[in-house]
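Enquirer: One structure, as structure tokens, below. Some questions next.
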Amino acid sequence: MKIVVDTAACDNPEEVIRGCALSLQNDKKADLILTGDEEQINKVLSLYNIDRNRLEIIDAKEVITNEDVPTVAIRRKSDSSLVKAYEALKRDDVIGMVSAGSTGAVLSGSILKLGRIRGIHRPALAPILPTVNGKEVCLIDCGANVDCRPEFLVEFALMGVSYMKSVYGIESPRVGLVSNGVEDKKGNELTKEVFARLKQLPINFVGNMEAREALSGDYDVLVCDGFVGNVLLKSVEGTARMVMKILKSAIMEDGLAKFGSLFMKKAFGKVKSKMDYQQNGGAPLLGIEKIVVKSHGASNSDAIQASIKQVEKMYEGKLIENIKAGLSDLENVAIGATDN
């Protein structure tokens, strides 16, 4: 199997290329196709002992940036690293793609170049967040769709359930609807309608969830529109950084605490690692006919390796096939409602 990686549309192309080189060294499952500046790619790869037979380079002279209008750039920048990556992804022997480029461009390119799964109105970004009990929780959507209709969120829930089943092996993922209270009647008009629809589905819907419980470990899938999800995600990231800074400052200001921290160095390292978004790779774009992982624009080599592994796990878990099967649940509910 082959995975294509867009190396150019990001904050640090060399770091992405390094991640690809390390993946080839450490992971024997997938061969890689790299799109971007061929000269730069070869320069970085020359520093590593890799099997060139497992590598293909597609030269791309253009880059789609955050300043570009996504749909226009996808159509006009045909020689860009992202468009070249999508062209490679259409091949039968390529199972998925990783890009740390513009979120809008990755979303637009996926729809225009690959197409949505039949029955999905809007693809959704679904990052994995750590929880206090050491498990993972899927947040869907985190920013691809800021304005949503009820049916979008229902589809998000089904895709999130399929993802956690396929990739993380959770038999009956617990689904929570992000709201401003846990009571059944809480929420705005959108969430109230979605709540009623989710209760009809044959999934483990456990009701409304307040944002403060997002990382409690009591949920496996958090469903919300992209506006709420993005605010929630950024709030979690910002709080994590703030806590680490306050903790470090408090230790440095107290001599006894500074001495004691020497014995806690390993524990602090574990906490920092757990709170680092880089460890989980990127956010898969669910609802597309092929596997696409959107990595953070500032991803380091570890994050790129993790993103490549994500693609492998989703492919091995037959994620896309399971999403399509899960949509039949929605169809059955709709048929039942019509019959009644």
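The values are calculated or read from the model by the stated rules, or taken from the named source; none is laboratory data. Because the structure is a prediction, the values reported are computed rather than measured. Cβ atoms come from the backbone with ideal geometry, glycine included; neighbour counts cover every protein chain shown. Quick note on the areas: whole protein, heavy atoms, side chains included, nothing else; ligands and nucleic acids left out. Shrake-Rupley method; radii C 1.70, N 1.55, O 1.52, S 1.80 Å.
Enquirer: Is there a residue in the range 152-167 that is open to solvent by 10 Å² or more (accessible area, probe 1.4 Å) and part of a loop (DSSP other than H, G, I, E, B)?
Expert: No, there is no match, as no residue in the range 152-167 is open to solvent by 10 Å² or more (accessible area, probe 1.4 Å) and part of a loop (DSSP other than H, G, I, E, B).
Enquirer: Can you list the strands (runs of 3 or more DSSP E) lying wholly within the range 52-134 that have 1 or more residues being under 17 Å from residue 295 (Cα atoms)?
Expert: 94-99, 128-130
Enquirer: Show the residue pairs meeting these rules: Cβ distance below 7 Å; 6+ apart or different chains; first residue within the range 142-163 and more than 20 Å from residue 328 (Cα to Cα); second residue of a type in the set (Val, Ile, Thr).
Expert: What qualifies is 143/103.
Enquirer: Same structure again: From 61, 84, 77, grab the single residue that is under 24 Å from residue 17 (Cβ atoms) and without any contact (Cβ under 8 Å) to a residue 24 or more places away in the chain.
Expert: Unique residue meeting the criteria: 77.
Enquirer: Also, quick follow-up: Here are the criteria: (1) charged (D, E, K, R); (2) under 20 Å from residue 281 (Cβ atoms); (3) open to solvent by 70 Å² or more (accessible area, probe 1.4 Å). Tell me which single one residue 192 does not satisfy.
Expert: (2)
Enquirer: Residues that are touching a helix residue (DSSP H, G or I) at 6+ places or on another chain (Cβ under 7 Å), within 26 Å of residue 240 (Cβ to Cβ) and at pLDDT 95 or above: does the range 198-210 have at least one?
Expert: yes
Enquirer: Within the range 35-52, identify whether any single residue is of a type outside the set (Val, Ile, Thr) and touching a Lys or Arg at 6+ places or on another chain (Cβ under 6 Å), and answer yes or no.
Expert: No - not one qualifying residue is present in the range 35-52.
Enquirer: Given the criteria surrounded by fewer than 21 Cβ atoms within 10 Å (Cβ to Cβ) and within 21 Å of residue 321 (Cα to Cα), does residue 125 qualify?
Expert: It is false that residue 125 is surrounded by fewer than 21 Cβ atoms within 10 Å (Cβ to Cβ) and within 21 Å of residue 321 (Cα to Cα).
Here is a yes/no grid of residues against (1) small (Gly, Ala, Ser); (2) out of contact with any Phe, Trp or Tyr (no Cβ under 8 Å at 6 or more places or on another chain); (3) within 23 Å of residue 299 (Cα to Cα); (4) surrounded by fewer than 19 Cβ atoms within 10 Å (Cβ to Cβ):
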site	(1), (2), (3), (4)
88	yes, yes, yes, no
116	no, yes, no, yes
120	no, yes, no, no
142	no, yes, yes, no
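Enquirer: Can you list residue pairs whose Cβ atoms sit under 8 Å apart, with the first residue in the range 19-38 being at positive phi and the second being open to solvent by less than 10 Å² (accessible area, probe 1.4 Å)? Count only pairs 6 or more apart in sequence or on different chains.
Expert: What qualifies is 36/6; 36/7; 36/17; 36/60; 36/81.
Enquirer: Also: Identify, from the list 111, 74, the residue that is in contact with a Leu (Cβ under 7 Å, 6 or more places away or on another chain) and within 21 Å of residue 284 (Cβ to Cβ).
Expert: That would be 74, the only listed residue that is in contact with a Leu (Cβ under 7 Å, 6 or more places away or on another chain) and within 21 Å of residue 284 (Cβ to Cβ).
Enquirer: In the range 201-251, what residues are farther than 17 Å from residue 181 by Cα, in contact (Cβ under 8 Å) with a residue 60 or more places away in the chain, open to solvent by 30 Å² or more (accessible area, probe 1.4 Å) and under 17 Å from the mean Cα position of the chain (by Cα)?
Expert: Scanning the range 201-251 gives 227, 230, 236.
Enquirer: Out of 98, 94, 106, I need the residue that is in contact (Cβ under 8 Å) with a residue 40 or more places away in the chain, touching a strand residue (DSSP E or B) at 6+ places or on another chain (Cβ under 9 Å) and farther than 24 Å from residue 226 by Cα. Which one?
Expert: 94
Enquirer: So, one more: Tell me, please, whether a residue that is modelled with pLDDT of 80 or more, farther than 12 Å from residue 100 by Cα and open to solvent by 20 Å² or more (accessible area, probe 1.4 Å) can be found in the range 284-301.
Expert: yes
Enquirer: Looking at 61, 84, 28, can you tell me which residue is surrounded by 20 or more Cβ atoms within 10 Å (Cβ to Cβ), over 19 Å from the mean Cα position of the chain (by Cα) and of a type in the set (Lys, Arg)?
Expert: Within the list 61, 84, 28, the selection yields 84.
Enquirer: Name every residue in the range 171-181 that is in contact (Cβ under 8 Å) with a residue 12 or more places away in the chain, open to solvent by 10 Å² or more (accessible area, probe 1.4 Å) and touching a Lys or Arg at 6+ places or on another chain (Cβ under 9 Å), in order of residue number.
Expert: 172, 179, 180
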